[in-house]
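Some notes on the structure that comes next.
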């Protein structure tokens, strides 16, 4: 029991460390993609008891995937900006057509989130080009549509719980990103192993 409790506490501390690293390395917005790659790999290692040193493992993935992640992340940032501007525009317009456009923006935003969830863990685990990573991410999104909906649901649930319940908000501040990456990682690893996407 003491050994199990120690492992739980150790994992919790490592997830907090990882969350802080992810936030710090995401602050220069353009490096957000590389930070997501490193977040996924390190979170999965923590949950599998394979971690060595959190900072060292995170930094190694961040450096090795920085160039590829920039090619993936910049277009996604541009798409997010367009979606945000569209949402702001249609929010102030009345009518059935505006309602339809708001629904469309909401659906596209959901697809954007799920694509990000797939894309950077995929980029972290495969030596590939940006174009091929995008193609594989989109294919996985639709091939595993029930799993994609689950990933989106869990992301929304984490966000909603954090906004509505103070204890969850506090946990989210400390380890929200790394904990969500660990939850996502379990399903993503099942998909990657099924598709024979082996970590390089």
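The values are calculated or read from the model by the stated rules, or taken from the named source; none is laboratory data. What you see is a predicted model; the values in this text were computed from it and never measured. Using ideal geometry, Cβ is built from the backbone for each residue, glycine included, and neighbour counts are taken over all protein chains shown.
Out of the residues in the stretch 47-67 that are at pLDDT 90 or above, over 16 Å from the mean Cα position of the chain (by Cα) and closer than 20 Å to residue 192 by Cβ, which is surrounded by the most Cβ atoms within 10 Å (Cβ to Cβ)? Looking at residues that are at pLDDT 90 or above, over 16 Å from the mean Cα position of the chain (by Cα) and closer than 20 Å to residue 192 by Cβ, I get 57.
For the stretch 17-49, filtering for residues that are more than 18 Å from residue 62 (Cα to Cα) and touching a helix residue (DSSP H, G or I) at 6+ places or on another chain (Cβ under 8 Å) leaves 2.
Of all residues in the stretch 1-32, those satisfying the criterion of being surrounded by 11 or more Cβ atoms within 10 Å (Cβ to Cβ), more than 30 Å from residue 70 (Cβ to Cβ) and free of Cβ contacts under 8 Å to residues at least 40 places away in the same chain are 10, 11, 13.
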